[in-house]
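Structure record follows, encoded as structure tokens.
Laboratory data are not the source of any read-out in this text; all were calculated from the coordinates shown. Bear in mind the structure is a predicted one, so any value in this text is a computation, not a measurement. Here the Cβ is made from the backbone with ideal geometry for all residues, glycine too, and neighbour counts use every protein chain on show.
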Amino acid sequence: MSHRFARKKTVFALGLLTIVALAGLGWAGAPPIAEQPLDVPQQVVQTQKPQVCAHTLLENEVEAVKILRSLEMTRELGAATIVQFFPWAYVESRQGHYDWARADSILRLARLQGLRIIARLGLTPGWARPTGTTLTFLPDAAFAAFADYAAAFAARYATDIQHIIIWNEPNLSAEWGFQPADPARYARLLAVSYARIKQVNPAAVV
């Protein structure tokens, strides 16, 4: 039993080290989705507990068929809502150039499964942060640029996405580039992002 536990700890540690290493290297590219002609009929979620929500992790999946299967299983589970991450670093890896292909694909497949999306936004592209910092490092000087991304996202998906989460677990140091968590800084980021989102989609819940 102790050997099995030690093996699980080792696997977890290696996975964590891989994530930290990628962040430290400033990796910020979204792997392209290998699109396939998926003939998918419109589905409806059958559930007795519509409040059930699943946190999907589809932002790095490269095969559309696997994204679809993950969403099918979510629907079959009876979860009517998913929380899906849409990294700023993926969409605007070059300043001023938005690549919505991955987000569009995930949204299209989720909609066909009858799922509602709560969008979580975060991760800083290399051009918006100092060299040598991690993807979760967001300097104050980049708050406005992040808010612009949040507004562009909210405007593009105003018909389908009404709930948006700004940043992930802002109480954790790791989510601030391993800097001390600062409630006042997060409040400022939330305020500027909220204002920009509401300008383009007054009905959005932030």
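State the Cα centre-to-centre distance between region 35-100 and region 138-206 in whole Å.
20
Among Tyr186, Tyr149, which comes first, then next, by fewest other beta-carbon atoms within 10 Å? Don't skip to the end; give the middle numbers.
On the way: Tyr186 17, Tyr149 23.
So the ranking, lowest neighbour count to highest, is Tyr186, Tyr149.
Could you put Thr81, Thr136 in order, starting from the residue whose Cβ has the fewest other Cβ atoms within 10 Å? Can you show the working numbers first?
Details: Thr81 19, Thr136 22.
By the 10 Å Cβ count, ascending: Thr81, Thr136.
Show me, for region 91-106, the HN-Hα J-couplings you get by feeding each phi into the Karplus relation (A = 6.51, B = -1.76, C = 1.60, θ = phi - 60°), rounded to Hz, glycine and proline as x.
Along region 91-106, the couplings run 6, 10, 5, 10, 4, x, 10, 9, 10, 9, 4, 5, 4, 4, 5, 4 Hz.
Restricting to region 28-200, what percent of DSSP beta bridges are antiparallel, rounded to 5?
Numbers: 1 of 16 bridges.
Percentage antiparallel, nearest 5: 5.
How large is the Rg to Rh ratio of region 61-115 when both quantities use alpha carbon positions and Rh follows Kirkwood?
On the way: Rg = 12.6 Å, Rh = 12.1 Å.
Checking Rg against Rh, the ratio lands at 1.04.
Just want the ordering: Asp99, Asp148, Asp39, from fewest to most Cβ atoms lying within 10 Å of their own Cβ. Walk me through the numbers on the way to the answer.
Values: Asp99 14, Asp148 17, Asp39 5.
Taking fewest neighbouring Cβ atoms as first place, the list is Asp39, Asp99, Asp148.
Stokes-Einstein D for region 122-206 at 37 °C, 0.692 mPa s, Kirkwood Rh over Cα pairs, in µm²/s? Display every interim value, and only then the final one.
On the way: Rh = 13.2 Å.
The calculation lands on 250 µm²/s.
Give or take rounding to whole Å, what are the principal axis extents of the alpha carbon atoms in region 28-200, in descending order?
Sorted largest first, the three principal extents are 45, 33, 30 Å.
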